[in-house]
Structure formats: C-alpha cells, structure tokens
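What follows is a single structure, written as structure tokens, with notes after it.
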C-alpha cells in the first residue's frame, strides 16, 4: 500500500509540473545580468528581453547584479526556484573562464545551471585612447615593450570578456600592461574617454560610437576575420599571431532542474525573438551575430569554450580573485 501511495504522489507531482509548464509564463520573468549597466551584456539582454516581453505576454525585466566577477549573481540564480521566473545571462567569463581562473566558486557551472539558448556572439575590439602615441596595433605593442608596466588597460571587472581578451593578448604578444578592473563597462569607458586609461578591449556595441567620434582608436579585432563596421582594422591573427581568437558570447541559462517543458518554451521564444527585425537590425549595426539553436547546441558551445579557455587560463596564468 505505501508503495502505491508513493507512486500516486509521484504521478501527482509530475502532472502538476506539466500543468505548470503549460501555463508558463504567468508572471514577471527576471533576467539577471551579472555586470553593471552600460556594457555589451546589458545591451544584448535588454534587446532580447524587450522582444520576449512582447511575444510571451509578461514583463521580462533586466536586473543588473554586479560583483565578484559574476559570482554574486550566479550564486543567487543557482539557488533560485527552478520555475523559469529567474534566469541569468551567461557568458564566456562566467561559464568558460571562471571555473579555471578562480580558486573556488560556490556553485558548479555545469551541475547547477542548465543552458537554454545562445543569444549572440559579439566581436572584441582592442582600442586605445586617441591621445596614446600608438597609431596602430604594432606601434602599441612596441610602445608597451619599450615601457613595461607603464601602460594600463581597463575592463568591466575581473573575469569580464574584456579582461580575458586583453590578458590573452598580453600573453601572445609578450607585453606587460597593467590591468585596472572596474564595476562595469560604463565606469570603465568614462576613464578611458577621459584619458585616465590607455587601452581596453570590449564588444562592438559599447565601443563603436566612440570609435566613430574619434575619441577612441581601434587597433585590432579579436575575431578570425575583419568585421564590416571596421574593414580597415586588422585582426590580431593576421598581425603575426595566428590562431588568436577572442569574442564575447552571451546566452540565457537557468537553475538546474528547470522543467524540460519550460526550457523548450523559453528556447522557442528566444529563437523567435532573435529573428525579429528589431533584433536583427540592432545586432547587424553592432556586427553582432545572432545566436539561436537548441539548448543542446548552446551546451556544446559552452563545452568547447571551456576546453579552449582552460588551456588559455593555464598558459597565460590568469587568476581571478
């Protein structure tokens, strides 16, 4: 008899889960961004959240939760109820680098989260303040080698995509440039534009307006091919560092044990949002490549990036406190 009761209880719980998934979503969805406002991560998140709010019929609000190289926000979401109403923007730093560059984390990115959908891949651009006496990438490397430890670069924080890209560049080019972490791309850009920083690496959405205005000078891009918005700016790879590649990618993940029906619903809605003109035009203007695909596709990308960045972290001795 107890066995029958246990089986019945399990069946009722399963039916309740299915019923809940069928009515999902029925309330506001939080999309947490683990960095401060003003950066590429927020731009991507808000663009997609706006379209999801329209198509899903509930508000999808973006909430910035900076700190701890993304671990503060990741910890909160890992502990959230797996009901689809608390999600987080995962990216190369939190999912593929931090597990190898941080001594410990209060969660396991592969065990405590589930991939839902890739949103975008965004080119990393390497820039210098217009007052820096280096007109191109080779001159910047030469300047850095002549003045070890005297130039600096800013990032959106330890573990941010810009931090990783520049550390990777320092390793392959053999230069010593001091890292200055900020709490987000916005604060970093203020000091970069004000001349208190010499250089930086970030995504196209945050940097392009300042490159066009002449306040920043683009010296290289981290993608394997040149990008349409900056056809005259060479890739790092073609400048004598073959195989160099670093780009930012962003996707939505949720707490582990999220019901499959909810994952599939979110994945379908995100794929639909990425095909809207509002998204395609915005991403095209920033040379961002829209993502999409299945949760399994996103999981495979995360795995491949973990394989690549674990080697880079070890070789470049990247450490994130």
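If the condition is being under 17 Å from residue 159 (Cα atoms) and assigned to a helix (DSSP H, G or I), then segment 39-55 contributes 40, 41, 42. Of note, residue 28 does not satisfy the criterion of being free of Cβ contacts under 8 Å to residues at least 12 places away in the same chain and surrounded by fewer than 18 Cβ atoms within 10 Å (Cβ to Cβ).
Restricting segment 214-229 to residues that are at pLDDT 95 or above and farther than 24 Å from residue 172 by Cα leaves a set whose member that is surrounded by the most Cβ atoms within 10 Å (Cβ to Cβ) is 215.
When residue 210 is tested against the conditions (1) under 30 Å from residue 116 (Cα atoms); (2) touching a helix residue (DSSP H, G or I) at 6+ places or on another chain (Cβ under 8 Å); (3) not assigned by TED's automatic domain parsing to the domain that holds residue 40, the lone failure is (1).
Screening 131, 139 for residues that are in the same structural domain as residue 224 (by TED's automatic domain parsing), surrounded by fewer than 17 Cβ atoms within 10 Å (Cβ to Cβ) and not in a loop (DSSP other than H, G, I, E, B) leaves exactly one candidate, 139. Quick one: is residue 263 assigned by TED's automatic domain parsing to the domain that holds residue 91, within 19 Å of residue 25 (Cβ to Cβ) and touching a strand residue (DSSP E or B) at 6+ places or on another chain (Cβ under 7 Å)? When the stated conditions are applied, residue 263 passes them.
Restricted to segment 177-193, and to residues there that are crowded, with 18+ Cβ neighbours inside 10 Å and assigned to a loop (DSSP other than H, G, I, E, B), the residue that is modelled with the lowest pLDDT is 184.
Restricted to segment 251-288, and to residues there that are modelled with pLDDT of 95 or more and farther than 21 Å from residue 54 by Cα, the residue that is nearest to the chain's Cα centre (by Cα) is 255.
Is there a residue being assigned to a loop (DSSP other than H, G, I, E, B), at pLDDT 90 or above and under 30 Å from residue 155 (Cα atoms) anywhere in segment 27-38? Yes, segment 27-38 has at least one match. Test residue 174 against the criterion of being touching a residue at least 24 places away in the same chain (Cβ under 8 Å), touching a helix residue (DSSP H, G or I) at 6+ places or on another chain (Cβ under 8 Å) and buried (at least 18 other Cβ atoms within 10 Å of the Cβ), and give yes or no. Judged against the criteria, residue 174 is not a match. Would you pick out the residues in segment 275-299 that are within 26 Å of residue 212 (Cβ to Cβ) and touching a strand residue (DSSP E or B) at 6+ places or on another chain (Cβ under 8 Å)? Correct list: 279, 280, 283, 286, 287, 288, 289, 290, 291. Please verify whether segment 155-165 includes one or more residues that are in contact (Cβ under 8 Å) with a residue 60 or more places away in the chain, part of a strand (DSSP E or B) and either closer than 29 Å to residue 91 by Cβ or not assigned by TED's automatic domain parsing to the domain that holds residue 306 (or both). No, there is no match, as no residue in segment 155-165 is in contact (Cβ under 8 Å) with a residue 60 or more places away in the chain, part of a strand (DSSP E or B) and either closer than 29 Å to residue 91 by Cβ or not assigned by TED's automatic domain parsing to the domain that holds residue 306 (or both).
Taken over segment 231-246, the criterion of being modelled with pLDDT under 95 and touching a strand residue (DSSP E or B) at 6+ places or on another chain (Cβ under 7 Å) is satisfied by 246 alone. Residue 163 passes every criterion in (1) modelled with pLDDT of 95 or more; (2) closer than 26 Å to residue 37 by Cα apart from (1).
The values are calculated or read from the model by the stated rules, or taken from the named source; none is laboratory data. As the structure is a prediction and not an experimental result, all values here were calculated from the model. Every residue, glycine among them, receives a Cβ derived from its backbone with ideal geometry; neighbour counts consider all protein chains shown.
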